[in-house]
Structure formats: structure tokens, C-alpha cells
Amino acid sequence: MLAALAVLVVATTPWPELSRELFAAMDSATRRVSREMGGYAMQSSVVTAEGSVHAAAGSSDPYPGKPDPRPSEVGDGFLVGSVTKMATSAAVLRLVEAGSVRLDDRMAPLIDPYLVARNHSTLFELWRDDRINAVTVRQLLAMTSGIAEFDTYALRVIQLRLAPRYDITPYDILRYVNKSFFADPGREALYSSTNYELLGLLLASKAGASDWDTYDQGSVLPVRPGAEYRNVTFAVRGTLESYGRADWTINHGYPLYRNRSDVVWNVSATSGWTCGNMLTSTPCIAQFTYDLFGPEHRVLPARFVRLMYDDTRPLHNFPVPNYGLGAMYMTPSDDPSGWVIGHIGGTYGFSSYAGHNMNYSYTLVVCTNAESELGTEELFSELIDTVSSILGSN
């Protein structure tokens, strides 16, 4: 009902006029926040049933002392980090829809044969804890498996300083990660990207992929006319710079806010594989988020989309209201601008917010090439209020 109402309200103002009003507000806010952050690239995209609007500010490569940094342009590439988890969750839920996996299936029997053939180990042989055999698909999606986070400061030093060009594989992560359980499976919710490494192996196994890096993550993208998804890549090997094309600029990433000594450029773009390796533009990730949560449900049927956010829990180590199956509540349910479902993405050198406003049926995405959620959170929160106000009054 809310989605239908939103379309009706928006339709009262012609789209060309409404899009100009949206752009003026987005452009002003995006430029201001980019300036406040010191000139890093900052982009925002809104997708509605009627069309889309995009704004860009700052520089794609603000090197210290560089005389002529390249201006950020709509369509430039960003690593969107954990926003990737929405795509991974959707791919797993497609398996559930097809009947080849059930949410409460135990994970070990599903992926042990794949692991043994490629890593010469079962999950129990890696963890040496009987609880690993009790972990289910649902618990991995919901971050309630009790499994620890692999993305630690020590791993960051390895990837950025000691071996920047090394492609960290899921097998490396499963060997490296702390094997202590945060809690018994199903008891507590702890944000841990290790869950989505295991789900990636499930997807690769079910797809018959010869190994992790041959699994086609892009198969989850809906088929659309035009070129909406041309600039979407799931990086599995190679540095960030290797994914650029003559007609597609990839932003340089800056790992530390207001510290440009480290540049994420000649660094592996694998970024945790199925937990964080989507390399795309703000228009593309906004379109995917709209296709996933919007009224047309182009990625999954509505009942499976609802699984992503119907049953949620608070996370012990993440500042969002609640987490579901690969999606989080990004605003409180009583927010006057409407409740927003989506995901936050922070990875080495980049930060992204992607969310769908369920009250007004639009998607908003904000991306920057600085690893700081200060700017993205500020711009996302401001634009949720602004866009909701514009759509609600036209």
C-alpha cells in the first residue's frame, strides 16, 4: 500500500520538474559534504519508479600535492564493501526458492565436500569445535552463527602494507580466522563477514564452479534492457587499477580519514570475496537495490525479499537498529522520513550506504573514496530526510 501511494504521490508532479528539484538538493548537499571531508569523491544516486537522479563532487584521485586531480564523475567505480552482502544473500535465497537449500540446513554437509576437494579439510578440521557442525544457512545469513570476524587490524596490515597485491582467498580466511565462538550458534548476533565467506562457498558449490574464483557472482543481477548493470564487477583477482577501462574510471581509495599516505589502487580488489568485492558505480548499486527491494521485485519474489528484513536482531558490534538475512534497518522504524532497508559498506579506502525507503519507495545510495563513515552517514541521513520531503510534497 505504501509503495503504491508513493508512486501516486510522485506522479502528481511531472518527472522532469521533480528530477530537477531532487538534483538541486542532492548536488548541493553532496558538494558540501565533499568539501567538509577535504575534497574526496562523494556521489549520491536516487532511483524511483519514474527515473533516477545522480550527483557527484570532489576528486577521484586527490593525491597530496597533486596539481590537477581528476574531478569525480557520475558512473565512476567504487568498491562498495559489505553492500555486496545483499547480493550474496539474494543469491542464497534464490537457492532456497529453487528448493536446493533450506534455511535451516546445517552448513557443514553442504560445503564439506567442496572444501575437502579444494582445501583438503572439513569445517570441523578447521575449527576443531563441534559447534561448527551445528551452524545453519539461516544463522550465517543473520550473523547469529557465533563465528568470529576475520577482518582484523592484523589482516589490514598484511593487505595494505606487507602484501598489497596478494589476493586473499576464502581458504586463507578460513585458515586465518580466530576459531573461538562468540556464542553458541543461534544465541547472539555478532557482525562477522566470515559468515558470508562460507555462504560464498555454498554458492560456488551449488553452481558447480571449479573453484571459488570461477563462481559467477553476477548471475544474481536481474536482466534489464539497456546498460544499467554494465559497470558492475565482482573482483576476484588483481588490483583495483586492473579493473578500470578506457570508458570506466575506478576511484583511488584512501584508507584513513584525512590521511592520504596510503592509496588503495595497486592493492588487491578481492576484498573478502562474497562479503565485500562488488566494484560498481552509485547508479548501478542504486538500481540493484531498487530492483531488490522495490515494488517490482526483479531480483527475488516478494516473500523471499521480506525474509531479508522481517526477522531481525540487534548486533552486538554494529551501530544499526537491527540485522536480518543480509539486510539491515538503516533508520529506526519510527523515523518520520520512513524506515529504510539496505546495507552499509566500509572497506579499505571506501565507504558506501545503500538503502530503500519503504514508505516512499525510492532507493538512495551514497559512496565516497575515503574510508570514513562520517561523511557517508551524514550525507545519507540528510538526503533521506530531503528526498522523502520532496517526494512526499509533490
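Semi-axes of the equivalent ellipsoid of the range 335-378: what are they in whole Å, largest first, if each equals the square root of 5 times a C-alpha gyration tensor eigenvalue?
That gives 22, 9, 7 Å for the three semi-axes.
Normalise the Cα radius of gyration of the range 149-191 by 2.2 N^0.38 Å (N = residues in it) and let me know the number. If you can, show how the numbers build up before the last one.
Working: Rg = 12.8 Å, N = 43, 2.2 N^0.38 = 9.2 Å.
Relative to the rule-of-thumb radius for its length, the range 149-191 sits at 1.39.
In the range 283-376, what trypsin sites (Lys or Arg not before Pro) fall in a loop by DSSP, with at most 16 other Cβ atoms inside 10 Å?
298
If you place +1 on the Cβ of every Lys and Arg, -1 on the Cβ of every Asp and Glu, and leave all else neutral, what size is the dipole of the chain about its Cα centre, to the nearest 20 Debye?
Numbers: 31 positive and 42 negative charges, 119 e Å.
The dipole of the chain has a size of about 580 debye.
For the full complex of protein chains and a 1.4 angstrom probe, list 393, 219, 372 by accessible area with the highest value first.
393, 219, 372
Which whole-number percent gives the relative contact order of the chain, counting Cα pairs below 8 Å spaced six or more residues apart?
In percent, rounded to a whole number, it is 25.
Largest first, how would 151, 213 line up by accessible area (1.4 Å probe)?
151, 213
In nm, to one decimal, how far is the modelled label at residue 74 from the one at residue 15, with both set 7 Å along Cα→Cβ?
Distance between the two pseudo-spin positions: 1.3 nm.
Rounded, prolate or oblate: which fits the range 62-211, taking a ≥ b ≥ c as square roots of the Cα gyration tensor eigenvalues, rounded meaning a/c under 1.5, else prolate when a/b beats b/c?
Working: a/c = 1.99, a/b = 1.62, b/c = 1.23.
It is prolate, given that a/c is not under 1.5 and a/b is the larger ratio.
Name the trypsin sites (Lys or Arg not before Pro) in the range 134-216 that are in a loop by DSSP and that have at most 16 other C-beta atoms within 10 Å, would you?
Passing both the DSSP loop test and the Cβ count: 165, 179, 187.
For q = 0.19 Å⁻¹, what log10 I(q)/I(0) does the range 153-234 give under the Debye formula with an equal point scatterer on each alpha carbon and no solvent?
Values, matching the q order: -1.06.
Going by the alpha-carbon gyration tensor, a ≥ b ≥ c the square roots of its eigenvalues, is the range 13-90 rounded (a/c under 1.5) or, if a/c is not under 1.5, prolate (a/b greater than b/c) versus oblate?
Numbers: a/c = 2.63, a/b = 1.25, b/c = 2.10.
The shape class here is oblate.
Could you work out, for the range 268-377, what percent of all Cα-Cα pairs fall into each 10 Å distance bin, beginning at 0 Å and stopping at the bin that holds the largest distance?
14, 46, 35, 5, 0
If you roll a 1.4 angstrom probe over the protein chains with everything in place, what fraction of the accessible area of the chain belongs to carbon and sulfur, to the nearest %?
Result for the chain: 52 percent of the exposed heavy-atom area is carbon or sulfur.
Between helix 282-293 and the chain, what is the angle of the helix's C-alpha long axis to the longest principal axis, kept within 0 to 90° and rounded to the nearest 10?
The angle comes out near 70 degrees.
How many Å² of accessible area per residue for the range 249-394, probe 1.4 Å?
30
Debye calculation, C-alpha points only, no solvent: report log10 I(q)/I(0) for the range 173-329 at q = 0.15, 0.18 Å⁻¹, in the same order as the q values.
Reported log10 I(q)/I(0), two decimals: -1.08, -1.47.
Could you go through the range 302-315 in sequence order and give the Karplus-derived ³J(HN,Hα) for each residue, using 6.51 cos²θ - 1.76 cosθ + 1.60 with θ = phi - 60°, rounded to whole Hz, and x for Gly and Pro?
Couplings: 4, 5, 7, 4, 4, 4, 5, 9, 6, 9, 10, 9, x, 8 Hz.
Which log10 I(q)/I(0) values, to two decimals, does the chain give at q = 0.06, 0.07, 0.13 Å⁻¹ under the Debye formula with one point per Cα?
After summing over all Cα pairs, the log10 values are -0.22, -0.30, -1.05.
The values are calculated or read from the model by the stated rules, or taken from the named source; none is laboratory data. Values in this document were obtained by computation on a predicted structure and should not be read as measured data. Cβ coordinates were reconstructed from backbone atoms using ideal geometry, including for glycine residues, and neighbour counts include every protein chain displayed. These area figures cover heavy atoms from the full protein model, side chains too; ligands, DNA and RNA do not enter into them. Shrake-Rupley method; radii C 1.70, N 1.55, O 1.52, S 1.80 Å.
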